[in-house]
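Participant: Before we start, here is the structure in question, set down as structure tokens.
The values are calculated or read from the model by the stated rules, or taken from the named source; none is laboratory data. Bear in mind that the values here come from a model prediction, so they are computed numbers and not experimental data. Cβ placement follows ideal geometry from the backbone for every residue including glycine, while neighbour counts extend to all protein chains displayed.
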Amino acid sequence: MKLSGWGRTPVHATRLIHPEGEADIRAALADGPLIARGNGRAYGDSAVGQQTLDMRRLDHVLAFDPATGQLVAEAGLLLADIIACFLPQGWFPAVTPGTRFVTLGGMIAADVHGKNHHRDGGMRHVTDWIDLMDQDGTIRRCSRQENPELFEWTIGGMGLTGVILRAAIRLRPVETGWIRQTTRPAANLEAALAALEADSHATYSVAWIDCLATGDAMGRSLVMTGEHAALSELAGKPTLPPARRKRAVPVDLPGFALNRFSVRAFNALYWAAGQRQQGSRLVDWDSYFYPLDAILGWNRIYGRKGFLQFQCVLPDASAHAGMAALLRAISASGQGSFLAVLKRMGAAGGGLSFPMPGHTLALDFPATARAQALFDRLEAITLDHGGRFYLAKDARLSAGTFRAADPRAADFARFRAGAGLTAQFASAQSARLEL
Amino acid sequence: MQTEIDRNPKATVLLLGARSDVARATARRYAAAGYGILLAARDPERLQAEKTDLELRYRVPVTLLAFDALRIEDHAAFVAALPALPDVAISAIGLLGRQEADEADIPAAITVMRSNYEGPASILSHLANAFAARGSGTIIGISSVAGDRGRATNYIYGSAKAGFTAFLSGLRNRLAGRGVHVITVSPGFIATRMTAGMDLPEKLTASPDEVAEAIFKAQEKRRNVIYVRPIWRLIMLVIRSIPEPVFKRLKI
Ligand SMILES: Cc1cc2nc3c(=O)[nH]c(=O)nc-3n(C[C@H](O)[C@H](O)[C@H](O)COP(=O)(O)OP(=O)(O)OC[C@H]3O[C@@H](n4cnc5c(N)ncnc54)[C@H](O)[C@@H]3O)c2cc1C
Ligand SMILES: NC(=O)c1ccc[n+]([C@@H]2O[C@H](COP(=O)([O-])OP(=O)(O)OC[C@H]3O[C@@H](n4cnc5c(N)ncnc54)[C@H](OP(=O)(O)O)[C@@H]3O)[C@@H](O)[C@H]2O)c1
């Protein structure tokens with residue numbers, strides 16, 4: 001069958017397998033090269049291979065220790081289920097991406113980061129151990145003590161070191177399902193970066209950039225910080241907020257629904273709304289962390305051709321100049337991004353993990369020829385400023401660009417070859433990037 | 001915030017054929033609503049992970065029971081030995097068989113017939129009598145649109161499902177006014193172990209979670225017959241209305 005990532009491009013033919021247990025995975029290993037797939041939320045071709053193992057049926061919760069918050073579960077468990085089941089018990093994921101429709105395995109394989117990365121680090125920092133199946137079907141426990149090198153490369157290793165079967169992660173205790181959110185406008189890029197730096201004590205922080213603003217207003221942003229609200233702050237609200245209504249995008253919208261005018265209108269409205277909501281207020285966890293999850297299948301608003309996401313991180317020293325150059329290139333191209341997010345990152349991960357101290361910018365564009373040309377520019381600017389790219393978002397980098405940005409790619413490829421993993425675990429992305 | 005297992009849940013549900021993907025999703029749906037869960041399957045040991053999962057996720061008590069639909073002589077004892085008579089009983093028992101092979105292998109065909117009709121009807125009869133004596137309860141049978149008209153490609157399975165659908169209809173009729181409600185669930189395609197490897201049309205195929213949600217809602221709204229997805233009601237209406245002289249020549 002045909003399969004793609006969340007951006008719906010590129011599309012590859014694959015043999016899709018739905019293992020129910022370890023035996024089914026061993027059988028698939030014997031049949032040829034494969035890659036594990038979680039819930040398909042990586043944008044590009046990370047989770048599509050010659051054979052693709054859909055891990056979602058392996059989703060049992062295996063153990064939970066309320067003394068430490070350690071959760072042991074199978075890799076296919078959805079983050080949405082973790083929250084639905086453990087928030088009522090007083091626990092929240094210690095690290096979460098901007099959608100809850102991801103699996104435990106996918107979060108570890110991409111070493112995902114959340115709005116608290118600057119303070120708490122990424123998935124790597126809350127993962128205690130992983131049970132990994134290798135090309136022979138052997139299962140190894142990997143942790144900071146056991147098989148540490150494999151542990152290191154598996155987190156952020158995009159499924160290329162084996163199949164994650166189970167893992168132990170830590171949740172954080174919370175008193176309520178509410179977040180106290182503070183929104184402040186920043187007049188331009190400089191103000192936004194300064195605000196994010198000044199907010200480094202906040203648990204969560206992120207800035208939404210109006211990437212169509214130009215001149216003195218270039219980089220104007222809404223800077224949003226958040227803290228888990230304590231019971232004493234609720235003023236009569238229920239401890240857990242009521243569930244939000246879901247809407248689905250029923251059909252593919254035609255590609256022109258999202259043109260520069262509608263994007264400009266959206267950005268202008270969002271900016272205006274953000275200014276009205278300045279200051280501090282209580283927001284339910286779902287709207288705060290997962291604003292897009294309320295619209296199921298929102299990737300269809302880009303039409304059949306799909307869309308591309310760009311995400312880079314620039315080191316502190318060049319972040320300001322680099323972000324300015326990226327924004328100038330975007331506004332010069334006249335292609336606004338519907339969603340543009342700027343965030344401060346903390347400690348670097350190991351292995352091939354994306355995060356490093358600095359700032360990260362994420363944008364998405366309909367997959368047109370003009371967008372491809374813009375991406376060439378954005379990639380060149382990122383390289384010039386010592387930045388690197390996020391594999392979970394990538395659908396089009398060349399092996400040369402990726403390796404130039406990230407010297408660890410060659411070490412990773414060597415590790416894979418040395419451990420005999422290269423021929424067995426392969427995705428369309430790993431083939432393209434020669435990992 | 002709740003951190004202990006609730007040993008006295010307000011209601012319990014019995015799932016027959018508990019290892020099926022649909023039953024698994026349905027157990028989660030009822031557990032999320034606070035039901036205590038009884039899981040009955042041929043090899044309950046293999047459901048240990050399911051029990052742990054449900055208890056950790058939803059803090060409800062879960063009991064595993066050994067049950068074989070084909071061993072009808074044991075069904076009375078099975079019901080008598082239940083820790084307590086459940087409020088809801090759901091049959092997700094089913095065996096698709098291999099139509100073409102089973103046309104020649106008649107004993108195998110009979111196993112398909114017994115597994116989809118005789119076995120489920122037998123256990124639900126015992127439960128229905130106990131529910132009727134108590135004066136309350138809900139019985140939910142998962143049948144199939146395959147039972148709405150026999151077709152060359154799956155009539156062995158389909159004929160048994162047709163019998164089961166008629167059985168549920170009659171049971172509903174008998175128990176109406178006696179406090180026991182009977183629901184017939186007619187799925188079209190479901191993406192499960194039963195259909196793994198088949199190339200099913202996406203728009204007509206439900207996920208196990210979707211079926212579970214439909215079952216739970218049907219109970220809340222006291223529906224009689226549901227199709228999942230609902231479009232199947234229309235499709236089967238059309239298929240049933242094709243005149244036999246035409247139908248017998250069709251390949252569908
Ligand atoms: C709306 C949206 C917002 C997002 N926000 C963020 C964000 O804020 N921060 C962030 O870091 N990311 C973010 N992402 C990206 C997303 O978190 C990652 O792509 C994540 O990996 C997706 O998980 P998944 O389960 O869908 O995995 P998939 O997309 O299916 O797979 C991703 C990778 O994980 C590997 N993998 C999956 N399961 C296994 C397994 N069991 N064993 C081995 N390898 C496995 C795959 O091979 C693949 O390389 C966002 C994505 C979306 C759509
Ligand atoms: N999948 C579809 O497209 C589809 C469509 C319409 C209707 N249905 C119906 O939906 C229900 C659930 O099926 P499913 O799709 O989830 O398939 P499934 O996973 O194959 O489930 C069928 C279950 O029935 C159990 N079973 C079979 N014979 C039994 C017996 N003698 N005693 C006890 N249990 C027995 C099996 O138990 P073991 O695990 O022990 O084998 C299995 O758990 C079935 O009634 C099926 O007919 C399915």
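Participant: Do we have A:Ala75 as of a type in the set (A, V, I, L, M), more than 11 Å from every other protein chain (Cβ to nearest Cβ) and out of contact with any His (no Cβ under 7 Å at 6 or more places or on another chain) here?
Facilitator: Judged against the criteria, A:Ala75 is a match.
Participant: Within segment B:19-43, work out how many residues are within 14 Å of chain A (Cβ to nearest Cβ) and part of a loop (DSSP other than H, G, I, E, B).
Facilitator: Adding up the residues that qualify gives 5.
Participant: Scan B:Val182, B:Val238 and give me the residue that is of a type in the set (A, V, I, L, M) and without any contact (Cβ under 8 Å) to a residue 12 or more places away in the chain.
Facilitator: Unique residue meeting the criteria: B:Val238.
Participant: Limited to segment A:26-58, what total is found for residues that are within 16 Å of ligand 2 (Cβ to nearest atom) and assigned to a loop (DSSP other than H, G, I, E, B)?
Facilitator: 1
Participant: Run down A:Phe64, A:Phe92, A:Phe86, A:Phe101 and say which single residue is more than 8 Å from ligand 1 (Cβ to nearest atom), among the aromatic types (Phe, Trp, Tyr), over 20 Å from A:Gly351 (Cβ atoms) and surrounded by fewer than 21 Cβ atoms within 10 Å (Cβ to Cβ).
Facilitator: One residue alone meets the criteria, A:Phe92.
Participant: Restricted to segment B:1-17, and to residues that are within 14 Å of chain A (Cβ to nearest Cβ) and hydrophobic (A, V, I, L, M, F, W, C), which residue is surrounded by the most Cβ atoms within 10 Å (Cβ to Cβ)?
Facilitator: Only one residue tops the list, namely B:Met1.
Participant: Could you please find all residues in segment B:44-79 being at the interface with chain A (Cβ under 9 Å from one of its Cβ atoms) and of a type in the set (S, T, N, Q)?
Facilitator: Selection gives B:Thr52 alone.
Participant: Shifting gears a bit: Find the strands (runs of 3 or more DSSP E) located wholly in segment A:121-192 whose residues include 3 or more that are under 30 Å from A:Leu222 (Cα atoms), and list them.
Facilitator: Here the list reads A:163-173, A:178-186.
Participant: I would also like to ask the following. Restrict the check to segment B:138-147 and report whether at least one residue is within 24 Å of B:Val88 (Cβ to Cβ) and either within 14 Å of chain A (Cβ to nearest Cβ) or away from ligand 2 (no atom under 13 Å from the Cβ) (or both).
Facilitator: yes
Participant: Here is a list: B:Lys161, B:Lys221. Which entry is within 13 Å of ligand 2 (Cβ to nearest atom) and either surrounded by 18 or more Cβ atoms within 10 Å (Cβ to Cβ) or at pLDDT 95 or above (or both)?
Facilitator: B:Lys161
Participant: Taking B:Pro83 as meeting all but one of (1) in a loop (DSSP other than H, G, I, E, B); (2) buried (at least 17 other Cβ atoms within 10 Å of the Cβ); (3) not charged (D, E, K, R), write down the number of the exception.
Facilitator: Failed condition: (2).
Participant: Hey, another quick one. Run down B:Ala32, B:Ala49 and say which single residue is under 21 Å from the mean Cα position of the chain (by Cα) and among the hydrophobic types (A, V, I, L, M, F, W, C).
Facilitator: Step by step, each of B:Ala32, B:Ala49 is checked, and only B:Ala32 is under 21 Å from the mean Cα position of the chain (by Cα) and among the hydrophobic types (A, V, I, L, M, F, W, C).
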